[in-house]
Amino acid sequence: MTRSTDLEVAIVGAGPAGIGTAVALEKLDLEYAVLERDCIGASFRQWPDEMRLLTPSFPANAFGVRDLNAVTPDTSPALALDREHPTGDQYADYLEAVADFHDLPIETGVDVERVVHDDDGPFTLETDREPIDAQYVVWAAGQYQYPANGSMPGADRAVHVAEIDSWSTYVDSLSVPSSESSGSEATDDPGEPPTRTAADGAGAETRSSQEPIGDDAIVVGGAESGIDAALELAERGVSVTVLDEEGPWQFRSPDPSEVLSPRTTERLEAALTDGAPIDLVDGIRVQRIESVTDTTTDGSADPTDSYLPGRETEGYAVITTSGDRISSRSPPILATGFDTSLSLVADLFAFENGLPELTERDESTATPGLFLVGPEVAHNGQKFCFIYKFRRRFAIVAETIGERLAVDTDPLAEYREKEMYLEDLECCEPEYCDC
């Protein structure tokens, strides 16, 4: 597309938040562009092949109920994709279709590296190309492209879930022998790792962190991505230990952002009932990850596990803050979440308890004219982290910008009529969010 370097509104990111906000702005008489460093829905295209959206899609628009994964009032991923729980690629296809239908001005391959603003002028978005000036900026860059490891020593010996393209391919690449399927007989061959059976109760109960553990794989983190990883690995015959400080699989809440989603809970319960080789261990805080080496140069057993060049790695050890050592035969899987893309514009936001401070119109309290949309929008300590939550703020941001630029915002009335416009934030309380 051809555009002026000067824009009224620049949207950074072409995921669901960026596309949804762009469709709302498209209804107004504004000059805007969406800037994306990769492609539309890039974060979803990086998901493992087997991963699915947690929230179900259902074509209920005709009954006045919006599809939970829709980013516009008049579309339904369920209808477009014929899927209730789309894959990442499928959902990205939906976002592309929305962008094509509305002919959104999206520029891909533009990496916004920094946003500069002074009180008397426009925002300047410094990119890997030429700078772009805009009167308003909507930050919609998301999180998934920034894997977090908590600066854990030895994290380079592990694999973050964001690095997995396919669990089947990953398991095939492992050099460790995996467990046999549930119900198989244990082998007496001392050269092979013991195989657990359903009769052993593998994965049937939460284990104490005091018990010795030695599985094919360790997953660090027991929230959604950690349990999904464990289920996918176990389905392919890999025995798994999941470590988590809180153990979210034990709790229930009406807010699925605080606990495992119903879909994941159902999958986990079914797997454990079937004797899947999954051990869930709570009360664990991981301190570091080490490589376990086979022998010293004189051939004796080496009790240390510090990596030294020339030594063959026999396995891995996760060391806890209480001094426990938990071993695995393959690199630990980190399901430790993601750092925020807000780190790129952190100087333009104020933060409280790690959350960006926003006005009731989702504008930075520190930098007027800079708006936030997407999973990191938070009010009263509650994150709007699911699509069906944060999409109800798209029209709020578009309306605010439109009013300041003195354009007609009446076309946004559709969002109110179809309940994709959440203005009253009293529903968000610190202990319970009913938005």
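The values are calculated or read from the model by the stated rules, or taken from the named source; none is laboratory data. For clarity, every value in this text was computed on a predicted model and none was experimentally measured. As a convention, Cβ positions derive from the backbone with ideal geometry for all residues, glycine included, and neighbour counts pool all protein chains shown. We work out accessible area using only protein heavy atoms, side chains counted, and drop any ligands, DNA or RNA first. Shrake-Rupley method; radii C 1.70, N 1.55, O 1.52, S 1.80 Å.
Among the residues that make up the stretch 3-22, is at least one of them part of a helix (DSSP H, G or I) and more than 25 Å from S364 (Cα to Cα)? Working first, answer last.
Initially, the stretch 3-22 is screened for residues part of a helix (DSSP H, G or I), giving 16-22.
The next check asks that each one be more than 25 Å from S364 (Cα to Cα); those that pass are none.
No, because not a single residue in the stretch 3-22 is part of a helix (DSSP H, G or I) and more than 25 Å from S364 (Cα to Cα).
Within the stretch 328-435, which helices (runs of 4 or more DSSP H) (wholly inside it) include 2 or more residues that are in contact with a Leu (Cβ under 8 Å, 6 or more places away or on another chain)?
Working: elements: 387-390, 394-404, 413-417.
Helices (runs of 4 or more DSSP H) meeting the threshold: 387-390, 394-404.
Can you pull out every residue in the stretch 56-111 that is β-branched (V, I, T) and at pLDDT 95 or above? Steps first, answer last, please.
From the stretch 56-111, those β-branched (V, I, T) are 65, 71-72, 75, 87, 98, 106, 108, 110; that's our starting set.
Within the stretch 56-111, V71, T72, T75, T87, V98, I106, T108, V110 qualify.
Quick one: is G315 free of Cβ contacts under 8 Å to residues at least 12 places away in the same chain, in contact with a strand residue (DSSP E or B) (Cβ under 9 Å, 6 or more places away or on another chain) and not in a helix (DSSP H, G or I)? Give the derivation first.
On the way: free of Cβ contacts under 8 Å to residues at least 12 places away in the same chain: no; in contact with a strand residue (DSSP E or B) (Cβ under 9 Å, 6 or more places away or on another chain): yes; not in a helix (DSSP H, G or I): yes.
Judged against the criteria, G315 is not a match.
List pairs: first residue in the stretch 318-344 and within 17 Å of A155 (Cα to Cα), second residue of a type in the set (D, E) and in a loop (DSSP other than H, G, I, E, B) anywhere in the structure, Cβ distance under 8 angstrom, at least six positions apart or on different chains.
From residues that are within 17 Å of A155 (Cα to Cα), the pairs are S328/D216; R329/D216; S330/D216.
Collect the residues in the stretch 375-404 that are modelled with pLDDT of 95 or more and on the phi > 0 side of the Ramachandran plot, keeping them in residue-number order.
Result: no residue meets the conditions.
In the stretch 243-292, what count of residues is obtained for those that are more than 22 Å from M51 (Cβ to Cβ), open to solvent by 30 Å² or more (accessible area, probe 1.4 Å), in contact with a strand residue (DSSP E or B) (Cβ under 9 Å, 6 or more places away or on another chain) and of a type in the set (G, A, S)?
Count: 1.
Scan the stretch 87-99 and report the pairs whose first residue is open to solvent by less than 10 Å² (accessible area, probe 1.4 Å) and whose second residue is of a type in the set (F, W, Y), with Cβ atoms within less than 7 Å and a gap of 6+ or a chain change.
G88/F44; G88/W47; Y91/F44; A92/F44
Return the only residue of G354, G381 being over 24 Å from H117 (Cβ atoms) and open to solvent by 10 Å² or more (accessible area, probe 1.4 Å). I'd like the intermediate steps shown before the answer.
Working: G354 fails: over 24 Å from H117 (Cβ atoms).
Exactly one residue qualifies, and that residue is G381.
Can you tell me which of R83, R114 is open to solvent by 50 Å² or more (accessible area, probe 1.4 Å), within 29 Å of D347 (Cα to Cα) and touching a residue at least 12 places away in the same chain (Cβ under 8 Å)?
Values: R83 fails: within 29 Å of D347 (Cα to Cα).
Being open to solvent by 50 Å² or more (accessible area, probe 1.4 Å), within 29 Å of D347 (Cα to Cα) and touching a residue at least 12 places away in the same chain (Cβ under 8 Å) holds for just one of R83, R114, which is R114.
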